[in-house]
1. Would you mind working out the magnitude of the charge dipole of region 38-137 relative to its Cα centre, with +1 at each Lys and Arg C-beta and -1 at each Asp and Glu C-beta, to the nearest 20 Debye?
2. Just the accessible area for LEU420, please: 1.4 Å probe, Å², rounded to the nearest 10?
3. Excluding GLU535 itself, calculate the net charge of residues whose Cβ lies under 11 Å from the Cβ of GLU535, where each Lys or Arg counts +1 and each Asp or Glu counts -1.
4. Quote the accessible area belonging to ASP95 in square angstrom, nearest 10, computed with a 1.4 Å probe and with ligands, DNA and RNA left uncounted.
5. Kindly report, to the nearest 10 Å², the accessible surface of TRP520 as traced by a 1.4 Å probe over protein heavy atoms only.
6. Using a ≥ b ≥ c from the Cα gyration tensor of the chain (square roots of the eigenvalues), is it rounded, prolate or oblate, where a/c under 1.5 gives rounded and otherwise the larger of a/b and b/c decides, a/b for prolate?
7. Between GLN814 and GLU791, what is the label-to-label distance in nm when each label sits 7 Å out along the Cα-to-Cβ direction?
8. Ranked from the most accessible area to the least, with a 1.4 Å probe and all protein chains present, what is the order of SER361, SER699?
Amino acid sequence: MNVRALAIGLVAAVAAGLAAGPPSANAARHVNASYPQVLDSYPRNGDTRVPSNATLYYVFDQPTQKRGSFEVVDLDSMGQPHLNLDPPTWSALGDTVFLNPTQPMTYGHLCGMLVDTIFATDSTASNNVGGIRYFRVFPRARLERFPSGTGLSSVTLVPEVPVPVSASVRELNDNTATFTSARIEFWAATGVTLGGGSSATPLSTTVIPVAQRVPRLGTALLSVPVTLPRDLARNASTGLLGLRVLFEGTDESRLPLTFEAFSSLVATSGDTIFALTMTPALVTPAIAANVVVQSAFVEQPIPGAVYSAGDTVRARAVVTGIGTGPFRAVFYLDGSAVAMEEGYMESGHPVTVEPRGPIVSRRMGEHRLQFVVESPQHVAAQPMTFLCVPPPSGLYLPPRHPTAADSVITVPPVLSRFSLDGTNLVVGKSAFRDEDAAGIAWSAWKARYGVTKTGAFEANVLWRLRLDDTKNGSASPEQVRVGYKVEGASVEWGDLTPAIAAGAPLFASPVPRRSAQAVWSGSPLGDLQGYMALESRPRSSAGTIAALRSDLYAGRLSRAFGGERLLASLYGGYTHDDATPGGGATATTASATYGGSGHLKLPSDWSLFGDLATVRHRTIPGLDPGRSRTAVRGELKGAFAGFAARAEAFRYQPDLATPLNPYAISDRKGGAAELSRGVADWRFFGSYRREEPSEDVGSAPRIHVDKITFGGSLKLNQVSFVTPTLVRIQNRGPNTNFTESRAAGELTIGERMGGQTRARMDIAVLDDDRGVNARRVVTSGSLVSTRKESETVTTTLSGGIEREELKDLSLTNQTIQAAVEVRWEAVRGKFLVTPLFTYLDRRYDSTTNKEKRMTGRLHLTLIRVPGLGENAFAVEGRVDRVELKGPTEDKNTEGSVQISFGQQFGFTSSR
């Protein structure tokens, strides 16, 4: 192409030179005043991203006669390469010429421009001035699915349930694409022909707003929630539909841009007939879908919890959703990954996620803990803060063994009538990444006032104040708990986990909220419990539940009959949910829950348990006619011939989850059985569960789910165990034959000098014979080890790995996490040195993301600064390094310093 343009330019230059005649000898001697030369131009040689409607220009080294000839050539044109130009315009002195192509230049094409001839003021002419200048017109964004050539993968869709569908996309033309909407189409088949007369049309089309961006020459994950209309699912007798999603927006040229994310459109006959191939969408019930994480809840610690520095802090979260499959969850502490666990959701049953051991949080100061589900969907619970304050009496010393002179009679402590204990914590920290420098004061108080010998008022409260900006905050406490307790009864208000949730899985879930509850044991009617939360949200959660502002009311009555042979309970509750501005809900909803349970002791250590609950959803005019949904389950437990046995039968109708019971499972019926028996140091166990939807959806295929588990637990010694387990889950139906085969192993080892090491390893193979590109292998493991290395050194080590291999696509995604904390008592009872190191490595072939993040902290604590009572002073330095190696490359290192001072106070008064 360059040779061709050069030849064109030279021919034109020679012709212009012949027409102008040879220059005179006198003119040649005055080249600085004649024969103009090019000083500059736009574009310059080699420029890219030139606008298609750009005004081109040349700047000469002297005034001219405003006369010359110029050409612009499209080197990528298959037709006429020369572009038509409007008459040139000139600057006042004629030293600059402006060239405007009559039509916009073609996006992305390579062009060349040349000054064929330019006449000086003395009529001398310069030919082929400055040579050809090559430039490329700003290209339109060009996208392709990544990796290219891997084909389409099948998805599972559940009627009336938003299911996130994602595709990795790469931009090839150095032009950012921004999408503002997605058009979702359902077709009767996965392949159709468009054009050529009567063409097939989609069964359904929906357009929803999105905000997605693909950077220049980068990759991005385009995701859109796809909701399958129930009426459409009813008529999908084969359980298979074609899914087409077109993302619509613009690129940097501001021209419309459309991308086929889950389909391909190929011309088969000229430009009039096209073959459209779409992603296979398998219509399944919620229990047989691919895993979709919908919500996450942090149950422990409660926001605002106060611990003594060095105490064990354990975290626990619950993940809810639909379907079956693995998900990766990470606990972040102060922005660093300190624990990673692989969860396995089974047919939409809630999953409890706990690190194998305590969180590495032995450093004094404020800490922010966040639970994040990172894959397959990103669901991040709200960060919550807890405090580590000076120990009440400095560092705890080993207990002193009693001597012969000590009394063996233990005298109960005499409680004072009034006591007040508290801790003030002041934290100053420098700026770090997105965090501003700040001075923060915390004050935690704990008070007790004895009214009678058995009754007392108790209160815990925690306040936070931004010292450098006193308007940043309010008088509302971060954490509060106030109550009156007497023998057999209590009333309390604050950040609580509802007591009514214990033993009532069909009624309520143990989700912490700011609420009030009362308990009266031994009343004339039985044991009474009441619960109320007004305009509340879960304290740390994510998903749809986090956007609801709910009023909750609940009560429970329990009574024993026949000398506690029969324990019966009745319960009822009401929820009122306000629509959240900007959220998905647009109407106020309400529901009532009522039911009961009973536990009957049978002969020979057998027992029978039954539970029944009905949820009545209120009518919403024009939206929902109102409906009642019922859940019932029964369980038989006992022992025979050395076996421990449990059998369960259940039936749950759809739509049972409410803000009072967000963990509720729905739309299934079936049964389960378990057996276990001890043999020597082994405890073998096995179970079988079968589930299927409780309601059919028209003529959509019916699918059932089977789960088989077999394993054993080997007792190595009194504190050490190993537990290998085999799990197989299979979804069977006309349109799916999904299987998950998983080998799992857990190891618990008691350490010699105290502490514990716990580890888990899983290898799962997932496949669907009737799906497309569905085979994958997930290998995961996690470890937490807490050891006392010596009398003065304690270490905590945590690590995790997840390796996902997409076998049909030949792609691997891998995440590695590690953290180690050492607590060294450098001066017994006086001075602590606590280093912490964290490491996180991500390598994802599916998106080309490669990232390493390393953080180092050194925490120095001085216990009991002289003259200031019970106190501690700490200084912490932090260095954080991030290395991005794909799709963009970047390396940066930042540091910060934090100073903390905590002081305890106390007051007591005698009776």
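The values are calculated or read from the model by the stated rules, or taken from the named source; none is laboratory data. These figures come from a predicted structure and were not determined experimentally. So basically every Cβ, Gly included, is an ideal-geometry build from the backbone, and we count neighbours across all protein chains shown. Each accessible area value is taken on the protein alone, full model and side chains, heavy atoms only, with ligands, DNA and RNA left out. Shrake-Rupley method; radii C 1.70, N 1.55, O 1.52, S 1.80 Å.
1. So the magnitude is around 160 debye.
2. 40 Å²
3. +1
4. 50 Å²
5. Estimated to the nearest 10 Å², TRP520 gives 130 Å².
6. Since a/c reaches 1.5 and a/b is larger than b/c, the shape of the chain is classed as prolate.
7. Reported label-point gap for GLN814 and GLU791 is 4.5 nm.
8. On the way: SER361 0, SER699 60 Å².
If we order SER361, SER699 from most to least accessible, we get SER699, SER361.
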